[in-house]
Amino acid sequence: MHDNLIILAGGMSSRMKKPSSSNKVSKEDENQANNRSKSLIRVGNEGRPLLDYLLYNAKKAGYKNIYIVINEKGKLFKELYGHQKENNKFNGLLISFAIQYIPKDRVKPFGTADAVLQTLEQFPHLKKVKFTVCNSDNLYSETSLSTLRKTSHKNAFISYDREALEFPLEKIYSFAIVNLNHNNTLKAIIEKPTLDEAKNYTDKNGKTRVSMNLFKMDGKTVYPYLKNCPVHPVRNEKEIPTVVLDVSKNTDNAFFGIPLSEHVPDLTAKDDIVIIKAYLKKHYKDKLIW
């Protein structure tokens, strides 16, 4: 088991900055969405940001050392969780900050694989240990986080049942699906699959599986691949799925897909604010007891 969690929060939240498609989002929430990182939008009890709930679930799952990847303008993260570079005490967790610097020839960060690479460069001990990586704008459950922390597989990911995701069908069908072998290890990732293609890539239980970017990684294994990650030809970013596939191509049974059937709330666009507020009100009725 391990107790290291890297949370990716260095993105520019460009989709969140786009106008809402409904009139249900308040002016206050619109202002937050336009000026804050997605995970710091106040959506919970007592005005708590979404990230508090992810940290709460992580602590309950047994994680101790949290590495939040922020960009160079991530001042608010430090105001909320500690001003030191590393080991800020927050409700029993030790929170450290890695900064994802943007190359001089780019406007936006260089992608999720680059975020993990810069974290390992800034905290070199992570190159030798195991850690979990997740998004900051998804609310992963205690179960999913604990499952990855406890698995004996060196490299793994949560393989979600697509039918259990409570998103609009258009969004669900846009997710990349994972192709697993009979041992539940990753063979391929199929981006933007058609409905017919998806039927050809079900697992041994007949389920269509997707990744929601929740991975366990072995630093010794993945570091060389992070360092040499190619740039995606369309999105022009270095992405974690590329690293995962490259490791899988060169290592037998590299990434094990752990099946799980549950919803993963997310906060991608302004309209999601209303949805996640209702979710938190239903599932986290009381104050967070750390």
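Some values worked out for this structure:
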| read-out | value |
| --- | --- |
| Any hit, region 25-35, residues being closer than 21 Å to ALA278 by Cβ and among the hydroxyl-bearing types (Ser, Thr, Tyr) | yes |
| Residues of region 232-250 that turn out to be in contact with a helix residue (DSSP H, G or I) (Cβ under 9 Å, 6 or more places away or on another chain), surrounded by 14 or more Cβ atoms within 10 Å (Cβ to Cβ) and of a type outside the set (D, E, K, R), as a count | 7 |
| Filtered residues of region 168-188 (kept if more than 17 Å from the chain's Cα centre (by Cα) and not in a helix (DSSP H, G or I)) | PRO168, ASN179, LEU180, ASN181, HIS182, ASN183, ASN184, THR185, LEU186, LYS187, ALA188 |
| Pairs, first closer than 20 Å to SER136 by Cα in region 203-228, second buried (at least 17 other Cβ atoms within 10 Å of the Cβ) and basic (Lys, Arg), C-beta under 7 Å, six or more apart | VAL210/ARG162; LYS216/LYS130; MET217/LYS130 |
| Test: residue in region 111-121 that is buried (at least 20 other Cβ atoms within 10 Å of the Cβ), in contact (Cβ under 8 Å) with a residue 24 or more places away in the chain, within 19 Å of ASP137 (Cβ to Cβ) and in contact with a Phe, Trp or Tyr (Cβ under 8 Å, 6 or more places away or on another chain) | yes |
| Filter result (assigned to a helix (DSSP H, G or I) and touching a residue at least 40 places away in the same chain (Cβ under 8 Å)) within region 252-278 | ASP271, ILE273, VAL274, ILE276, LYS277 |
| Checklist (1) surrounded by 14 or more Cβ atoms within 10 Å (Cβ to Cβ); (2) at pLDDT 90 or above; (3) not charged (D, E, K, R) applied to ALA198, failing item | (2) |
| Selected residue (criterion: surrounded by the fewest Cβ atoms within 10 Å (Cβ to Cβ)) from residues of region 141-167 that are among the charged types (D, E, K, R) and not in a helix (DSSP H, G or I) | GLU166 |
| Hits in region 197-245 - residues which are basic (Lys, Arg), more than 15 Å from LYS187 (Cβ to Cβ) and out of contact with any strand residue (DSSP E or B) (no Cβ under 7 Å at 6 or more places or on another chain) | LYS199, LYS220, LYS227, ARG235, LYS238 |
| Residue that is touching a helix residue (DSSP H, G or I) at 6+ places or on another chain (Cβ under 8 Å), of a type in the set (D, E, K, R), surrounded by fewer than 17 Cβ atoms within 10 Å (Cβ to Cβ) and not in a helix (DSSP H, G or I), where the choices are LYS204, LYS220, LYS216, LYS192 | LYS192 |
| Whichever residue in region 24-54 is small (Gly, Ala, Ser) and not in a loop (DSSP other than H, G, I, E, B) and, among such residues, is nearest to LEU288 (Cα to Cα) | GLY47 |
| Residue in region 55-62 that is at negative phi, touching a residue at least 60 places away in the same chain (Cβ under 8 Å), in a strand (DSSP E or B) and surrounded by 19 or more Cβ atoms within 10 Å (Cβ to Cβ) present | no |
| Residue list for region 249-263, restricted to those being in contact with an Asp or Glu (Cβ under 9 Å, 6 or more places away or on another chain) and of a type outside the set (Gly, Ala, Ser) | PRO259, LEU260, GLU262, HIS263 |
| Test: residue in region 244-252 that is in contact with a Leu (Cβ under 9 Å, 6 or more places away or on another chain), of a type in the set (Asp, Glu) and within 27 Å of HIS2 (Cβ to Cβ) | no |
| Residues of region 146-176 that turn out to be modelled with pLDDT of 95 or more, among the aliphatic types (A, V, I, L, M) and within 20 Å of ALA113 (Cα to Cα), as a count | 3 |
| Test: residue in region 103-118 that is among the hydroxyl-bearing types (Ser, Thr, Tyr) and closer than 16 Å to ASP3 by Cβ | no |
| Restricting region 201-256 to residues that are more than 23 Å from LYS108 (Cα to Cα) and among the basic types (Lys, Arg), the residue that is modelled with the lowest pLDDT | LYS204 |
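The values are calculated or read from the model by the stated rules, or taken from the named source; none is laboratory data. These figures come from a predicted structure and were not determined experimentally. Note: ideal-geometry Cβ built from the backbone for every residue, glycine included; neighbour counts use all protein chains shown.
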